[in-house]
Structures are given as C-alpha cells and as structure tokens.
C-alpha cells in the first residue's frame, strides 16, 4: 500500500505581524509582507484551504484583506478576541476536517504554545518561516486534480446549500428533492486515478479500512481482470461536489469489497450508502454473497455503523492486523434514495 505523509488541508493565519507588518489597531496603513498574497493564492490553487485566527477588529481586518484582493481566499475566518485555540476549533468544526490537518501560523510564541497545548495535533509554526511555506512537504500534494483546484469553491457552494437548508421550513426530504442531486457511478478510468489516490489519502471518517493506495497500485487494480475499481461523482443545482466515492472489489467466485470510502462532505445529504448499495446489487446479480473488509480507526465508526445497517455480519477478525471480515447474504438491499437520480455508466 502507498505510504503518505498526512496532508495539511487548511492553513490558519494570524494577521498582525504575520500577514502584514505592524498592528492594524495602531496603524491602518499596515503593509502586507512581501510575497505573502501570492503564497496564499498558490496554496489555494493546490487545494489547500486558508482561514484566519486573529485577535482584531473584524470590520477593519476584512477591509484590509479586501484592499489586497484576498478576502475571498479565507473560509470561516475567526477575527475575534477569543483564545486562538477556540477560534481554530470552530474552524475545524466548520470545515469538518481533522485537527491533525491544520497548520497554524503566528508571530507570537505565546499564541503558538496556547494552541499547541489546547489542540496538540495542530501543527504550529512561527510566521518568520512563511517564505518557505510552499516547500513544506505536507503542503505539496503529489497531484493537483480538478477537484483540488475547486476545493474552496466547493466549500462556498456548500455554505450556500446549508444557508438555504437552514431557512427551509418544509420536511428534509422535500428540501433534498429540490437539490436535484445526480450521482454517477462508473468504472474508474486512467484519468480518474489522481483523484482516486487523493480520496484514499484525504478520506478518514467514511473509509472502511483507512488504507491508502497510490496511483500505480490503483492503476494495477483498474487493469486487473480480477478487480473492479468504481468511482462516483455527485452534482446538484449548486454545482459539483466532485468525485466523492471510491470502491475496490476483488472478483472471485464471490465479490469481496476491499475498499469503500465516501467523502465526509456528503454525510448530511443522505446518499452515503448509494455506492455500497450499488456494489451489493452488482454482487447479487452475480449470484453470490458479498464480503467486505473493515478496520476500525479513530475516526471511521460511522462506516462501521453503515455496514451494520446494511446487514453485514462479522465472520472473522485477523489478530495480526485487526481487519474484520464481514459477510452479507444480500437478502436485504436498500433502495436508492428517492430524492437523488442514480446513473450507472
């Protein structure tokens, strides 16, 4: 299996003496540090999100960011007088990502220490190192996919979805129907493999085994007569979520699901089981049972619950690696959700 360094998904910036030289409350004409705006834009183009944790006046800070043309690059900025750790914790919850995928940059060692004490998995660095940021290994993804280039825009689309959902007064299913969701499931092609690798590296909450696969491994499985590699995409009226699901099946006299993962961004859309249901239908058409591997991690309990609700039963636990073999007799297969159109290509 591929070996990967845990990627940074979001860089959280302080403002005073970090993005710019000086303190904004004392000098409204503070100057941005050389090259820092270009660094933020480059991170964004790589699919790395940016946010802010700064003790400052919100209106003044936003105005300064707008003057520099970079306000739009910051998601869920926390410009408040709260402790930096509390601000970063709110950013983590809003982005729905792991604490260990955050990089915090500040010029004050006290602030860095406070965050490290309260949020020990957050990586903290002093702002004096900002010029080397683009060379930091955890910010240099192997591939720059179309999905990663659109990552910030996908979050912005999701903010719009959630705003409309919160203001919707009818039943949840009626709102979901109004989204015009379309899920497309296909056998992965070579052009999908960069995103497929990225999915195995970035997806934790809805990943049945937590195993990562690199491009070459996935390509071998794609070409294999004894395997099928499926990928799915979700689109709705707000835009595309991108490629959000991946499944690897080993074909024997029965089907064996070796990997199943779904992006956590679709958890609230009620379509997290669509790819699993598709695999179950395909396995039943072949006339056999379906087996699946599952390995408990610190974040994927939701996937275990998904398997159990789908009528999978534990039949064996490998003491060496902790992988649980699960079996499904395929006597019960849920229907696809009525509020989403599912296309098999």
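Failed condition for residue 121, given (1) outside any loop (DSSP other than H, G, I, E, B); (2) at pLDDT 90 or above, with all others met? It is condition (1) that residue 121 fails. Residues of segment 299-312 that are assigned to a loop (DSSP other than H, G, I, E, B) and on the phi < 0 side of the Ramachandran plot: 299, 300, 310, 312.
Yes or no: residue 82 surrounded by fewer than 16 Cβ atoms within 10 Å (Cβ to Cβ) and outside any helix (DSSP H, G or I)? The answer is yes for residue 82. Of all residues in segment 45-72, count the ones that are over 20 Å from the mean Cα position of the chain (by Cα), surrounded by fewer than 22 Cβ atoms within 10 Å (Cβ to Cβ) and assigned to a strand (DSSP E or B). Residues that pass the stated criteria total 1. Could you list, in sequence order, all residues of segment 187-229 that are crowded, with 20+ Cβ neighbours inside 10 Å and either touching a strand residue (DSSP E or B) at 6+ places or on another chain (Cβ under 6 Å) or outside the structural domain of residue 264 (by TED's automatic domain parsing) (or both)? 188, 192, 195, 196, 199, 203, 206, 207, 208, 209, 221, 229, listed by residue number. Exactly one residue among 233, 253 is over 15 Å from residue 206 (Cβ atoms) and assigned to a loop (DSSP other than H, G, I, E, B), and that residue is 253.
If I filter segment 93-114 down to residues being touching a residue at least 60 places away in the same chain (Cβ under 8 Å) and in a helix (DSSP H, G or I), which single residue comes out as farthest from the chain's Cα centre (by Cα)?
Here the answer is 111.
Here residue 6 meets the list (1) in contact with a strand residue (DSSP E or B) (Cβ under 9 Å, 6 or more places away or on another chain); (2) at pLDDT below 95 almost entirely, failing just condition (1).
Quick check on segment 17-28. Is at least one of its residues in a strand (DSSP E or B) and surrounded by fewer than 16 Cβ atoms within 10 Å (Cβ to Cβ)? Checking segment 17-28: at least one residue is in a strand (DSSP E or B) and surrounded by fewer than 16 Cβ atoms within 10 Å (Cβ to Cβ).
The set of residues from segment 107-122 being buried (at least 20 other Cβ atoms within 10 Å of the Cβ) and touching a strand residue (DSSP E or B) at 6+ places or on another chain (Cβ under 7 Å) comprises 112, 115, 122.
Per-residue answers, yes or no, for (1) farther than 22 Å from residue 251 by Cβ; (2) part of a helix (DSSP H, G or I); (3) outside the structural domain of residue 174 (by TED's automatic domain parsing):
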position	(1), (2), (3)
272	yes, no, no
279	no, yes, no
283	no, yes, no
293	no, no, no
297	yes, no, no
314	yes, no, no
330	no, no, no
334	yes, no, no
337	yes, no, no
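Within segment 29-38, restricting attention to residues that are surrounded by 14 or more Cβ atoms within 10 Å (Cβ to Cβ) and in contact with a strand residue (DSSP E or B) (Cβ under 9 Å, 6 or more places away or on another chain), the residue that is modelled with the lowest pLDDT is 30.
The values are calculated or read from the model by the stated rules, or taken from the named source; none is laboratory data. Small disclaimer: the values here were computed from a predicted structure and weren't measured. Note: ideal-geometry Cβ built from the backbone for every residue, glycine included; neighbour counts use all protein chains shown.
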